[in-house]
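Trainee: I'd like to ask you about the structure that follows.
The values are calculated or read from the model by the stated rules, or taken from the named source; none is laboratory data. Here the structure is a predicted model, which means the values were calculated and not measured. Don't worry about glycine lacking a Cβ; one is built from the backbone with ideal geometry, like all the others, and counts go over all protein chains shown.
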Amino acid sequence: MKILVTGGAGFIGSAVIRLGLDRGVDIVNFDKLTYAANLDNLKSHADRPGYAFVEADICDRDAVAAAFAAHQPDAVMHLAAESHVDRSIDGPDAFIETNIVGTFTLLKEARRYFEALDGARKDRFRFHHVSTDEVYGTLGADGLFTECTAYQPNSPYSASKASSDHLVRAWGETYGLPIVVTNCSNNYGPYQFPEKLIPVVVLKALEGKPIPVYGRGENVRDWLYVDDHADALLTVIEKGRLGETYNIGGRNERRNIDLVQTICTLMDARAAEKKPHDALIEFVTDRPGHDFRYAIDAAKIETELGWRPATDVETGLERTVDWYLQNRWWWEAIRARGFKADRLGVAARSA
């Protein structure tokens, strides 16, 4: 199989590419290289046979068409997206452009490419759209998101992803494009851009700086180790039923404050001269429209496709903390390019 992966230089995309190449899958990495993309994520695999890189924008119809023509993929795995909720609050424009218009452009060219195929090549082609559980909105103290949960996005980011999900479904129903959709819970692990919660906490703790926690830290997330997610995505693109949606979760629900406390404990054991690290925790003004709880029911993918998460959150956090401590070169290079880790997403509701 040859897969065209959009957003392959990002956090999840690069995990998919590393795992796919290790399993003998040919990969075409199509990435615009925006601020959160990083070819260092693929440094260990960039010279592998079967890997190709195309630097281009999914909103560029000619570039997308050229990639299909030149590389003749058997499938598309669409991961390219603006993904940071806080950034979407301050500047939703890029989220509308990339997540909605970009997906629309990609679907148009995928359809054109698919309809020109014949025989076995046409039979095996599929378009796999990778989305988020945030499209479902928020849960109370109980319940789980299923594939039948109604959409109720609450942030510009989740609204843009909900729109892209609906576009993909429409191209399947209206034009017969062979599609499959996945919605995942919060990912974490090595190579995550240091604007997201877990790397922020690790690096703040390492440097003895205040660790910001929104509100009182009561919000709950289901945490999915990125390598487990990559395994799930490759399973779905190979064996998933066309036209179906699969929810992918880690079965690892934690309150944000408990997650942060766990990281502080891990840091206490690794940087004892600065402990207790939980003394650095600082509660800050909550994010506007902050969803209270996400939790995934992953029974469908577990039952139908035999996939299950292999990493519990305690093991995953330990691996993640150690990776950031052992790979300073990676995040120091990001800082050297000008990333300042300033807080975003505090725009007033009237803005």
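Trainee: Of everything in the stretch 302-322 that's in a helix (DSSP H, G or I) and under 18 Å from the mean Cα position of the chain (by Cα), which residue is nearest to residue 221 (Cα to Cα)?
Mentor: The first filter runs over the stretch 302-322 and keeps only residues in a helix (DSSP H, G or I), leaving 302-305, 313-322.
If we keep only those that are under 18 Å from the mean Cα position of the chain (by Cα) too, we end up with 313, 316-317, 320.
On the way: 313: 11, 316: 15, 317: 14, 320: 17 Å.
Once the filter is applied, the top-ranked residue is 313.
Trainee: Still on this structure, please answer the following. All but one of (1) of a type in the set (Asp, Glu); (2) touching a helix residue (DSSP H, G or I) at 6+ places or on another chain (Cβ under 6 Å); (3) without any contact (Cβ under 8 Å) to a residue 24 or more places away in the chain hold for residue 47; state the number of the condition that does not hold.
Mentor: Condition (2) is where residue 47 drops out.
Trainee: Here is a further query. If residue 253 meets every condition in (1) modelled with pLDDT under 95; (2) in contact with an Asp or Glu (Cβ under 6 Å, 6 or more places away or on another chain) apart from one, which number is that one?
Mentor: (1)
Trainee: Hey, does the stretch 102-112 have a residue that's surrounded by 15 or more Cβ atoms within 10 Å (Cβ to Cβ), among the basic types (Lys, Arg), more than 17 Å from residue 177 (Cβ to Cβ) and touching a residue at least 24 places away in the same chain (Cβ under 8 Å)?
Mentor: No, there is no match, as no residue in the stretch 102-112 is surrounded by 15 or more Cβ atoms within 10 Å (Cβ to Cβ), among the basic types (Lys, Arg), more than 17 Å from residue 177 (Cβ to Cβ) and touching a residue at least 24 places away in the same chain (Cβ under 8 Å).
Trainee: Going by the structure shown, is residue 279 among the small types (Gly, Ala, Ser) and either outside any helix (DSSP H, G or I) or buried (at least 16 other Cβ atoms within 10 Å of the Cβ) (or both)?
Mentor: Numbers: among the small types (Gly, Ala, Ser): yes; either outside any helix (DSSP H, G or I) or buried (at least 16 other Cβ atoms within 10 Å of the Cβ) (or both): no.
No.
Trainee: Output the residues belonging to the stretch 273-305 that are out of contact with any strand residue (DSSP E or B) (no Cβ under 9 Å at 6 or more places or on another chain) and either without any contact (Cβ under 8 Å) to a residue 24 or more places away in the chain or farther than 28 Å from residue 247 by Cα (or both).
Mentor: 273, 274, 275, 276, 279, 302, 303
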